[in-house]
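K.L.:
Please read through the structure below; I'll follow up with questions.
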Amino acid sequence: RVHKNKTFISIVWLVPLIALIAGSWLLMKSIRNTGPEVTLLMASADGIEVNNTVIKVLSVEVGRVTKIRLREDRKGVEVSAQLNADARDLIRKDTQFWVVKPRIDQSGITGLNTLVSGSYIAFTPGSGEEKADTFIVSDLPPIAAIGQTGLRLKLIGKNSKMIAPGSPVMYEDFIVGQVESAEFNPNKQIVEYNIFVQSPNHELINKGSQFWLE
């Protein structure tokens with residue numbers, strides 16, 4: 001009888017030990033599969049939903065939005081997103097995020113697939129050494145795609161109209177680049193543009209180049 005009691009006691013202690021080992025293994029597996037948490041600053045949360053809006057890179061899902069709250073400075077919203085391990089080495093200070101949604105502009109119609117799946121947040125991997133966890137999310141995708149080279153220029157004009165970001169930069173009848181940003185400076189009464197001219201089109205630019213609106 002004494003022998004049987006000792007055996008029973010050993011089995012009783014064995015069950016929680018196995019549970020502890022299994023729990024520790026699942027915890028370590030979860031930690032290995034979890035990537036960084038990033039904070040995304042946006043003008044609004046239009047189309048963004050907690051646990052539904054995904055984060056993608058090169059059309060591959062690598063994370064999901066976990067929290068949305070108003071920013072303390074009242075200049076928009078702050079979105080938290082949890083990324084998985086696949087994105088751990090892709091997040092750097094120069095990583096760029098933007099919202100993918102249906103859009104019509106001078107370049108055509110894009111994002112029609114999100115009419116069914118819903119808007120999502122995409123990013124291009126950073127290449128710098130410095131890491132970061134807070135990023136400003138753009139409404140437009142970056143003009144310079146991954147690995148794309150070219151020339152960025154800042155243009156200043158006093159035109160009575162302003163063209164929108166995403167508008168094409170033309171050389172004769174050929175598209176050679178795009179407008180990245182356009183802002184009106186009320187103090188100087190000028191419009192400031194940042195444009196990107198893709199390679200090898202940037203070889204057309206020289207000191208005598210002239211730009212105008214049509």
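Please treat every number below as a calculation from the coordinates, not as lab data. Owing to the predicted nature of the structure, the values given are computational and were not obtained by experimental measurement. FYI the Cβ positions are ideal-geometry reconstructions off the backbone, even for glycines, and counts take in every protein chain you see.
K.L.:
Considering amide H positions built from the backbone, and no H for Pro or chain starts, which residues 5 or more places from Glu180, or on another chain, come under 5 Å of its amide H?
P.N.:
It is Gly166, Asn194, Ile195, Phe196, by chain and number.
K.L.:
For Lys161, which aspartates and glutamates qualify as cross-link partners when the Cα separation must be under 20 Å and same-chain residues fewer than eight apart are set aside?
P.N.:
Filter leaves Asp105, Glu180, Glu183, Glu192, Glu214.
K.L.:
With θ set to phi - 60°, apply the Karplus curve 6.51 cos²θ - 1.76 cosθ + 1.60 along the range 185-201 and write out the HN-Hα couplings as whole Hz, x wherever there is a Gly or Pro.
P.N.:
3J(HN,Hα) across the range 185-201, in whole Hz: 9, x, 6, 9, 6, 10, 10, 10, 10, 10, 10, 10, 9, 5, 6, x, 4.
K.L.:
Assigning unit charges at the beta carbon (Lys, Arg +1; Asp, Glu -1) and nothing else, what dipole magnitude in debye, to the nearest 20, does the range 166-214 show about its Cα centre?
P.N.:
Roughly 200 debye for the range 166-214.
K.L.:
Kindly flag which residue pairs out of Lys75/Lys154; Lys93/Lys207; Lys67/Lys131 have an alpha-carbon separation exceeding 28 Å in this structure.
P.N.:
Lys93/Lys207
K.L.:
Which loop-located trypsin sites (Lys or Arg not before Pro) does the range 147-197 contain, where loop means any DSSP state but H, G, I, E or B and the Cβ has at most 12 other Cβ atoms within 10 Å?
P.N.:
Listed in order of number, the matching sites are Lys158, Lys161, Lys188.
K.L.:
Within the range 179-214, report the chymotrypsin sites (Phe, Trp or Tyr not before Pro) that DSSP leaves as loop and that have at most 15 other Cβ atoms within 10 Å.
P.N.:
Phe211, Trp212
K.L.:
Amide H neighbours of Asp94 under 5 Å, counting only residues 5+ apart in sequence or on other chains, H built in-plane at 1.01 Å?
P.N.:
Here Ser127, Gly128 satisfy the definition.
K.L.:
Further, regarding this structure: Using per-residue counts of other Cβ atoms within 10 Å, averaged over each peptide, order 54-62, 168-176 from highest down.
P.N.:
54-62, 168-176
K.L.:
Tell me which residues come under 5 Å, amide H to amide H, from Gly35 once H is placed; ignore anything under 5 positions away on its chain.
P.N.:
Sorted by chain and number, the residues that satisfy this are Leu83, Asn84, Ala85.
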